[in-house]
1. Looking at 122, 114, can you tell me which residue is more than 30 Å from residue 34 (Cβ to Cβ), touching a helix residue (DSSP H, G or I) at 6+ places or on another chain (Cβ under 9 Å) and free of Cβ contacts under 8 Å to residues at least 24 places away in the same chain?
2. Can you find a residue in segment 42-57 that is surrounded by 14 or more Cβ atoms within 10 Å (Cβ to Cβ), in contact with a strand residue (DSSP E or B) (Cβ under 8 Å, 6 or more places away or on another chain) and outside any helix (DSSP H, G or I)?
3. Residues of segment 30-40 being surrounded by 15 or more Cβ atoms within 10 Å (Cβ to Cβ) and over 12 Å from residue 77 (Cα atoms), which ones?
4. If you check 74, 64, which single one turns out to be surrounded by fewer than 13 Cβ atoms within 10 Å (Cβ to Cβ) and over 18 Å from residue 20 (Cβ atoms)?
5. Those residues that are touching a strand residue (DSSP E or B) at 6+ places or on another chain (Cβ under 9 Å), touching a residue at least 12 places away in the same chain (Cβ under 8 Å) and not in a helix (DSSP H, G or I), I need them from segment 58-74; list them, please.
6. Report, by residue number, each residue of segment 10-41 that is touching a residue at least 12 places away in the same chain (Cβ under 8 Å) and in a loop (DSSP other than H, G, I, E, B).
């Protein structure tokens with residue numbers, strides 16, 4: 001999982017909120033899906049080299065939002081009841097941002113062709129960046145805790 005999870009202690013945003021937002025985003029875009037297991041507090045704290053209490057606080061926030069469930073002995077999993085709700089919300093927000101972008105472009109006399117060229121250039125640049133490895137992260141997060149433990 002930490003393939004796509006990063007914390008920046010110098011960002012000014014509390015680390016637990018960085019984790020909450022990144023996990024929420026992973027749910028929105030489908031990197032994490034209902035039923036997926038999250039790492040234990042100890043595992044994640046060790047991998048990100050942050051205090052376990054920070055992970056506990058982030059998981060608590062996510063649980064309060066109804067995004068994850070923690071069960072003694074079973075670990076922490078993505079809530080089964082999400083079934084695409086967050087993804088649909090994210091798509092709607094994306095569409096609203098696109099609408100605003102197109103309006104801004106028109107106000108700045110940026111034509112459809114130029115805007116399309118910019119969009120395609122951004123897509124190419126994004127595909128070359130490490131964050132484009134979400135597919136690998138998606139595969140990793142879908143493995144069961146037992147499979148990950150067997151690898152250790």
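1. None of the others qualify; the one that does is 114.
2. no
3. 31
4. 74
5. 67, 68, listed by residue number.
6. Across segment 10-41, the qualifying residues are 30, 31, 32, 33, 34, 35, 36, 39, 40.
Every read-out reported here was derived from the displayed coordinates using simple, explicitly stated rules and does not represent laboratory data. Computed from a prediction, not measured in an experiment: that's the story for all the values here. Please note: Cβ atoms are built from the backbone with ideal geometry, for glycine as well, and neighbour counts cover all protein chains shown.
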